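Presented below is the structure to which this report refers.
FYI, it's all coordinate maths here, none of it is from the lab. Keep in mind that this is a model prediction, so the values were computed, not measured. Here Cβ is always computed from backbone atoms with ideal geometry, including for glycine, and neighbour counts include all displayed protein chains.
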Amino acid sequence: MDPWLRSAIDYVGEWLAFQFEDSQQPGCIAAIVHRGQVVAEHAFGVADLDSAEKLTARHRFRIASHSKAFTAAGILKLRERRKLRLDDPLGQHVANLHPQVADATVAQALSHSAGLTRDGADSGQFIDTRSYLSERELLAELALPAAIEPNMRFKYSNHGYGLLGLVIEAITGEPYPAWVKREIVDAAGLRETLPNAPIAEGTRFARGHTRRRPSGRRLVIPGDNPAHAMTSAAGFVATAADTARFFAQLAPNAKSSVLSVGSRREMTRKHWRIPQTAEEAYYGFGLMSGQTAGWDWFGHGGGFQGYISRTAVIPACDVAMSVLTNSIDGWAPGWVNGAMHILRAFKSRGAPTRRVRDWTGRWATMWGTADLVPMGDQVIIANPGLMNPFLDATEIEVTGRDKGRITSAVGYASHGESVRRSRNEAGRITDIWLAGANLKPEKALATELERRYAPRKPKQE
């Protein structure tokens with residue numbers, strides 16, 4: 001592994017720890033994979049607020065629409081075996097569809113361009129007001145006309161991926177969960193992934209959680225309900241490590257995969273632009289793609305009642321990362337984007353030189369927290385509270401053992417002024433002076449603020 005990448009991965013963990021605590025989320029697990037191997041795992045918070053069970057990296061989460069990548073891989077595997085063609089009409093494999101739905105193709109369902117309804121007339125399966133659709137219920141809704149004409153635009157459809165699960169069952173003669181578990185999950189070497197709930201007794205499972213509003217507190221969502229016919233769209237259960245490992249295998253340049261290079265190129269290709277999004281984004285087959293911090297990436301997100309997740313693969317540096325959260329307002333998408341910004345900063349500046357390597361640590365004033373992050377031959381003052389901690393970051397040139405100078409800063413900061421570190425008699429660094437600002441370790445600052453501002457008990461007369 002390149003030294004810059006190791007340094008970046010280490011700081012991603014430190015930044016995530018701050019972000020998690022600041023967000024007051026119930027729990028989060030994260031994993032980073034490099035060249036097919038897990039190189040970092042993190043677990044923060046609890047698996048269940050009611051029981052206070054500590055979260056571990058081995059806890060399973062609902063990964064929701066990540067399931068679509070497994071289903072798309074299954075379809076492409078069947079195509080490699082000449083069991084279907086991508087331009088097959090869906091009605092060739094599944095009966096009793098509305099003619100408009102039956103005429104749409106496998107490829108259109110894979111790329112969300114078949115014009116199908118997103119979730120039907122009642123999407124209560126996603127808010128626990130009804131069970132996930134059975135095959136009979138799904139087919140009844142697919143017997144109705146499509147929402148729009150096919151091949152007009154990207155139009156996301158969970159029903160479409162439910163239908164692709166039925167296509168797999170029709171071709172293989174097996175239940176979707178059994179076939180995809182053997183041919184995709186097990187074949188990929190995943191040991192902590194299941195296509196659906198319930199999971200085996202004794203397996204560590206993270207419960208979902210509501211927002212604080214409108215109840216005024218987070219409530220625990222069981223999260224272990226089976227997804228039935230929607231398994232192929234949203235049912236999967238996995239750890240962050242398994243999720244990242246699987247998505248890493250979908251990169252065209254991956255060394256090993258359950259799919260051919262050609263199939264992986266087809267999955268990751270930009271079939272449709274996703275309209276009306278703040279950032280340029282595209283969809284392939286079971287995968288979305290875009291660019292963040294100059295990195296081209298592909299991956300997927302997921303939202304199951306009580307869970308938010310996100311995965312991104314950066315083929316240019318053979319890195320995949322997954323962040324799984326167990327709250328319906330989880331920050332997984334922003335945290336994956338932030339990690340990409342961190343990778344880009346280290347790639348641009350390089351691993352720290354020996355001269356600056358010990359200029360590190362988390363320091364704070366009552367105004368906020370700053371991380372000293374050595375990169376190349378400089379020290380960057382990162383803001384761990386930001387989704388991009390290096391946005392408009394101040395830069396320090398080290399001029400001595402404990403001395404430096406601010407060589408770059410925004411106009412409202414202290415460009416050109418001095419920096420120094422203070423040490424105690426044992427030689428340990430106790431605080432940092434950034435120009436006129438005195439920063440201390442967070443614990444020391446907390447003690448000082450308590451002494452200064454905590455309410456004082458009235459004296460007894």
- Query: How many angstrom lie between the C-alpha centres of the range 83-133 and the range 228-299?
  - Reply: 20
- Using only alpha carbon pairs under 8 Å that are at least six residues apart, calculate the relative contact order of the range 25-66 and give it in whole percent. 33
- Task: Determine one quarter of the surface area of the Cα convex hull of the range 61-124, which equals its mean projected area, and express it in nm² to one decimal.
- Result: 5.4
- Message: I want to make sure I understand the PRE zone here: with the label point 7 angstrom from the Cα of Asn253 toward its beta carbon, which residues in the range 351-388 have backbone N atoms less than 19 Å away?
- Response: 351
- Let me have the relative contact order for the range 271-325, percent, based on Cα pairs under 8 Å that are six or more residues apart. 20
- Query: Looking at the chain, how many pairs of lysines come closer than 17 Å at the Cα, when each pair is eight or more places apart or spans two chains?
  - Reply: 7
- Specify the angular offset, from 0 to 90 degrees and rounded to the nearest 10, of the alpha carbon long axis of helix 67-80 from the longest principal axis of the alpha carbons in the chain. 50
- Along the range 266-274, what does the Karplus equation 6.51 cos²θ - 1.76 cosθ + 1.60 (θ = phi - 60°) give for ³J(HN,Hα), rounded to whole Hz, x for Gly and Pro? 5, 5, 8, 5, 7, 6, 9, 6, 7
- Query: Within the range 243-284, which trypsin sites (Lys or Arg not before Pro) sit in a loop by DSSP and count at most 13 neighbouring Cβ atoms inside 10 Å?
  - Reply: Lys255
- Message: Using only DSSP helix segments of four residues or longer, with each worth -39500 (n - 2.57), what per-residue ellipticity at 222 nm results for the chain after dividing by its residue count and rounding to 500?
- Response: -8000 deg cm²/dmol
- Expressed in angstrom and rounded, the centroid-to-centroid distance over alpha carbons for the range 396-414 and the range 1-60 is 31
- Neighbours of Thr193 by Cβ distance under 10 Å: Lys/Arg at +1, Asp/Glu at -1, summed charge +1
- State the label only: which of (1) 179; (2) 132; (3) 287 corresponds to volume of the Cα convex hull per residue in Å³ computed from the shown model? (1)
- For the pair Arg213 and Ser51, what calculated FRET efficiency results from E = 1/(1 + (r/R0)^6), where r is the Cβ-Cβ distance and R0 = 25 Å, to the nearest 0.05? 0.60
- At a Förster distance of 56 Å, what's the computed FRET efficiency of Met1 paired with Lys457, Cβ-Cβ distance as r, to 0.05? 0.55
- Task: Treat every Asp and Glu Cβ in the range 393-441 as -1 and every Lys and Arg Cβ as +1, leave all other atoms uncharged, and give the resulting dipole magnitude about the Cα centre to the nearest 20 debye.
- Result: 180
- Let me know the shape class of the range 350-461, please: from the alpha-carbon gyration tensor, a ≥ b ≥ c as square roots of the eigenvalues, rounded when a/c is under 1.5, otherwise prolate if a/b is greater than b/c, or oblate. prolate
- Query: How large is ³J(HN,Hα), in whole Hz, for each residue of the range 2-18 in order, when computed from phi with the Karplus curve 6.51 cos²θ - 1.76 cosθ + 1.60 and θ = phi - 60°, using x for Gly and Pro?
  - Reply: 4, x, 4, 6, 4, 5, 5, 4, 4, 6, 3, x, 5, 5, 4, 4, 5
- Task: Just rank Ser322, Ser418, fewest to most, by other beta-carbon atoms within 10 angstrom.
- Result: Ser418, Ser322
- Count the net charge of all other residues whose Cβ sits under 12 Å from the Cβ of His42, scoring Lys and Arg as +1 and Asp and Glu as -1. -3
- Query: In debye, nearest 20: dipole of the range 265-401 around its Cα centre with unit charges on the Cβ of K, R (+) and D, E (-)?
  - Reply: 300
- Out of Asn158, Ala446, Asn424, whose Cα points farthest toward the positive end of the dipole of the chain (charges: +1 Lys, Arg; -1 Asp, Glu; placed on Cβ)? Asn424
- Message: Explain nothing, just the number: relative contact order of the chain, from Cα pairs under 8 Å at least 6 residues apart, as a whole percent.
- Response: 16
- Query: Rounded, prolate or oblate: which one fits the range 154-228, using the alpha carbon gyration tensor with axes a ≥ b ≥ c (rounded when a/c is under 1.5, else prolate when a/b beats b/c, else oblate)?
  - Reply: oblate
